[in-house]
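Report on the following structure.
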Amino acid sequence: MDARDGMRAADADRQETADRLRVALEEGRLDLHEYDERLQRAYAAKTYGELDGVLADLPGAGAVGGPVPVQPGAHRPGTVVGAEPEPPVAQVTSGTREVATGTGHWLLDEWSSWLRVAAILTAIWLLSSLGDRDIDGYWPAWVLGPWGAVLLFRTAGGLATGEPARAAARRVERRRRRQARRGRGH
């Protein structure tokens, strides 16, 4: 057993494996059932060896990123571990239906409640100010401002940690499970 195989994997390594599995699904190398099984194994994996096993029979699998043990005395200047950019999440095709995934969908999920409340409060403010000649100001800002600031911090944190890609993978997984349940019910 290679020393690297027994090393603990990080969340970023599990996410990289999930991204590779998504690509294999898009290319038709995996069906939805096998994709689901491997995705579960990837997120449950604790070591690099377990992650590599999830990808072993896929072309160009190679080792999952992360720390690679350096032999004593070997020095590799300028090497940055994990510096590869995360591949963009575009679309996952399942049969004839396409499930849009990625940052836009995640942002809409995060901000949709705030947008609905903003629209309702603004409508109330507009209606209540129609008969009032002395408008005191936009009072919904007292509700929307602090809530919006919290959402901005959550959005920035989510974008920095790759949450849109994880949310997209969860949506694809939920859709696959719904399709599997429908298939069993008929």
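If a residue has to be more than 30 Å from Thr103 (Cβ to Cβ) and not hydrophobic (A, V, I, L, M, F, W, C) to count, how many in the stretch 124-161 make the cut?
Total meeting the criteria: 8.
Going through Arg184, Arg177 one at a time, which residue ends up being open to solvent by 80 Å² or more (accessible area, probe 1.4 Å), part of a helix (DSSP H, G or I) and in contact (Cβ under 8 Å) with a residue 40 or more places away in the chain?
None of the other options fit; the residue is Arg177.
A quick yes/no check of all residues on (1) open to solvent by 30 Å² or more (accessible area, probe 1.4 Å); (2) of a type in the set (Val, Ile, Thr); (3) without any contact (Cβ under 8 Å) to a residue 12 or more places away in the chain:
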site	(1), (2), (3)
Trp125	yes, no, no
Asp136	yes, no, yes
Pro140	no, no, no
Gly157	yes, no, yes
Arg170	yes, no, yes
Glu173	no, no, no
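Residues in the stretch 105-118: is at least one over 24 Å from the mean Cα position of the chain (by Cα), surrounded by 14 or more Cβ atoms within 10 Å (Cβ to Cβ) and modelled with pLDDT under 85?
No, the stretch 105-118 has no match at all.
Filtering the stretch 9-51 down to residues that are of a type in the set (Ser, Thr, Tyr) and more than 18 Å from the chain's Cα centre (by Cα), which residue is least open to solvent (accessible area, probe 1.4 Å)?
Selected residue: Tyr48.
Here are Gly6, Gly78, Gly66, Gly82: which of them is modelled with pLDDT under 65, open to solvent by less than 90 Å² (accessible area, probe 1.4 Å) and in contact with a Phe, Trp or Tyr (Cβ under 9 Å, 6 or more places away or on another chain)?
Gly66
The values are calculated or read from the model by the stated rules, or taken from the named source; none is laboratory data. A quick note: this is a predicted structure, and the numbers were derived from the prediction, not measured. With ideal geometry, Cβ positions are generated from the backbone for all residues, glycine too; neighbour counts draw on all protein chains shown. What goes into the accessible areas is simple: the full protein's heavy atoms, side chains included, and nothing from ligands, DNA or RNA. Shrake-Rupley method; radii C 1.70, N 1.55, O 1.52, S 1.80 Å.
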